[in-house]
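Visitor: After the structure tokens below, expect a handful of questions from me.
The values are calculated or read from the model by the stated rules, or taken from the named source; none is laboratory data. Just so you know, these numbers come straight off a predicted model, no measurement behind them. Backbone-built Cβ (ideal geometry, glycine too); neighbour counts: all protein chains shown. Ligands, DNA and RNA are stripped out before the accessible areas are found, and what is left, the full protein with its side chains, is counted by its heavy atoms. Shrake-Rupley method; radii C 1.70, N 1.55, O 1.52, S 1.80 Å.
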Amino acid sequence: MTTLPEIQNQIDRSCKKASRNKADVSLIAVSKTKPVEDISLLYEKGQRTFGENKLQELEEKSPALPSDIEWHFIGRIQRNKIRKILSLSEWVHSVDSVKVLDAVNRIAGEEGHHPKVFLQVNIDEEDSKGGFLSEEIEDAVEKALSLTHLELVGLMCIPSPSDNQEETRASFRKIASLRDQIEQSHQASLPYLSMGMSGDYEIAIEEGATHIRVGSALFGARTYHP
Ligand SMILES: *Cc1c(COP(=O)(O)O)cnc(C)c1O
């Protein structure tokens, strides 16, 4: 477990190395499985952006915490949970199919929300992961750009786990160049890349991440209980 200032310093160093402005990298503190008290401690140190991957946890924690926290939903989206997810988080990182995209847009319209949406790309084409394949993403972007009740802000990925950082870097490069390509072909702006977790956020920053999702490095290891 690292402290918040240490992570902020590391973000700073990675930005310098990549000649990037640190204001262009948002740290999302991923608090999944962690109690409200742990979140409060980081809040008191100034952290305002938190991420959860399950609606139930978001529903339990958000009412118990200050209302100026910006919640990011980063987990797999079940369509019957979209209404509640949108009522609690303005940022959705994990739209992984056209069906979910359509449903988010429809429900946002009904409820008067305007969520900021990332399309998740299954960058390493893993069977176990959701997300659009590289060859599907163009069409999905085109569709998302046509929807009026959401704002398409960028692409998100979770590379396959690897001990080889250069493999992970290659995945980050791939999604960044996919984004560049789509921006050109659609004359559209996709400003954000949500990528990088505790083990690889430095590389993600070097490769252009604007939103890093850091859990265990900030909160300590997670203990899952079934
Ligand atoms: C859990 C999770 C993270 C954070 O992972 P750490 O390795 O603990 O930093 C990031 N992104 C997603 C989508 C997650 O589910």
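Visitor: Order the peptides 78-84, 157-163 from the highest to the lowest mean number of other Cβ atoms within 10 Å of their residues.
Guide: 157-163, 78-84
Visitor: Cα to Cα, under 17 Å, and not fewer than 8 places away if on the same chain: which aspartates and glutamates meet these conditions relative to Lys16?
Guide: The reachable aspartates and glutamates, counting only those whose Cα sits under 17 Å from Lys16, are Glu6, Asp24, Asp200, Glu202, Glu206, Glu207.
Visitor: Considering the convex hull of the alpha carbon atoms of the range 177-226, report its projected area averaged over all viewing directions, in nm², one decimal.
Guide: 4.9
Visitor: When the Cα atoms of the chain are enclosed in a convex hull and the volume is divided per residue, what value in Å³ results?
Guide: 128
Visitor: DSSP loop trypsin sites (Lys or Arg not before Pro) in the range 131-226 with at most 14 other Cβ atoms within 10 Å of their Cβ, which ones?
Guide: Within the range 131-226, the qualifying trypsin sites (Lys or Arg not before Pro) (loop, at most 14 other Cβ atoms within 10 Å) are Arg222.
Visitor: Still on this model: Using a probe radius of 1.4 Å on heavy atoms only, what accessible surface per residue do you get for the chain? Whole Å² is fine.
Guide: Dividing the accessible area of the chain by its residue count gives 49 Å².
Visitor: Right, another one. Too long at a 19 Å Cα-Cα cut-off: which of Lys99/Lys129; Lys84/Lys143; Lys143/Lys174?
Guide: Lys84/Lys143; Lys143/Lys174
Visitor: Do you know the relative contact order of the range 1-56, to the nearest whole percent, from alpha carbon pairs under 8 angstrom that are 6+ apart?
Guide: Over the range 1-56, the number comes to 34 percent.
Visitor: In terms of modelled amide H atoms, which long-range or inter-chain residues lie less than 5 Å from the amide H of Tyr192?
Guide: Answer set, sorted by chain and number: Gly154, Leu155.
Visitor: Note down the relative contact order for the range 131-199 as a percent, whole number, built from C-alpha pairs under 8 angstrom at least six residues apart.
Guide: The normalised contact order for the range 131-199 reaches 38 percent.
Visitor: I'd like the FRET efficiency for Ser40 and Gln8, computed as 1/(1 + (r/R0)^6) with the beta carbon distance as r and R0 of 22 Å, rounded to 0.05.
Guide: 0.75
Visitor: Give the Cα extents of the range 126-226 along the principal axes, in whole Å, largest first.
Guide: The Cα atoms of the range 126-226 stretch 42, 32, 26 Å along their principal axes.
Visitor: Another question, if that's okay. Between Lys99 and Glu111, what length comes free when the chain is fully extended (0.36 nm per residue of separation minus the Cα-Cα distance, one decimal in nm)?
Guide: 2.5 nm
Visitor: Is any helix in the chain, taking whole DSSP H runs, at least 15 angstrom long along its axis by alpha carbon and on average at least 0.0 on the Kyte-Doolittle scale, and which ones?
Guide: Span-like helices here: 98-111.
Visitor: Please give the net charge around Ser87, taking every other residue with its beta carbon less than 13 angstrom from that of Ser87, where Lys and Arg add +1 and Asp and Glu add -1.
Guide: Neighbourhood net charge equals -1.
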